[in-house]
Every structure is written in structure tokens, then in C-alpha cells.
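The values are calculated or read from the model by the stated rules, or taken from the named source; none is laboratory data. All values derive from a computational prediction rather than experimental measurement. No Cβ is skipped: glycine too gets one built from the backbone with ideal geometry, and neighbour counts run over all protein chains shown. Note: areas computed on protein heavy atoms with side chains; ligands, DNA, RNA excluded. Shrake-Rupley method; radii C 1.70, N 1.55, O 1.52, S 1.80 Å.
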Amino acid sequence: MNDTPRLLLSEASHRPLSLPALLELLALWQARSRVRGQLASMARANPHLIEDIGLTRRQVALEVAKPFWRA
């Protein structure tokens, strides 16, 4: 993921964001959600591929269970 320090500070501080920063944050959250959904689909359809990308089933389960706003 491409979590820039500026976004991480914005998420942690709860200060109002500018419109460009807000749009960037929403895009980041959407990307996280999409990647986690793809990972869950891969784990169901082709579990052998999970090992090929260097992850364990537990790691996949933990990642998929995260809400979209958590890195």
C-alpha cells in the first residue's frame, strides 16, 4: 500500500482535511477494500496461490478481517 506519512497523520489527528486530501484518503480506503476483497476471493478459489505469494492462511484471515480504514 502507498500510505504516505501525510495521510497517516491526517487519519490519526482527526483534523479537518482539505478536499484533495479527503479525496486521496477515500481512494486509499477504496483500494484497501478492493485488495482485501481480491485476497479473500483468491483464498477461497485458489488457496494454493496464497502460499505462492508468501502468506499463511492466518495472515490472509487477519488482513481480510481488517476494516477498510485500518492499514
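So, by mean Cβ neighbours within 10 angstrom, what's the order for 18-26, 44-52 with the highest one leading?
Most protected by this proxy first, the peptides run 18-26, 44-52.
Provide the per residue accessible area, probe 1.4 Å, for the stretch 10-57, rounded to a whole number of square angstrom.
72
Each residue of the stretch 46-53 in turn: what ³J(HN,Hα) in whole Hz from Karplus with 6.51, -1.76, 1.60 and θ = phi - 60°, glycine and Pro shown as x?
9, x, 5, 6, 4, 5, 5, 8
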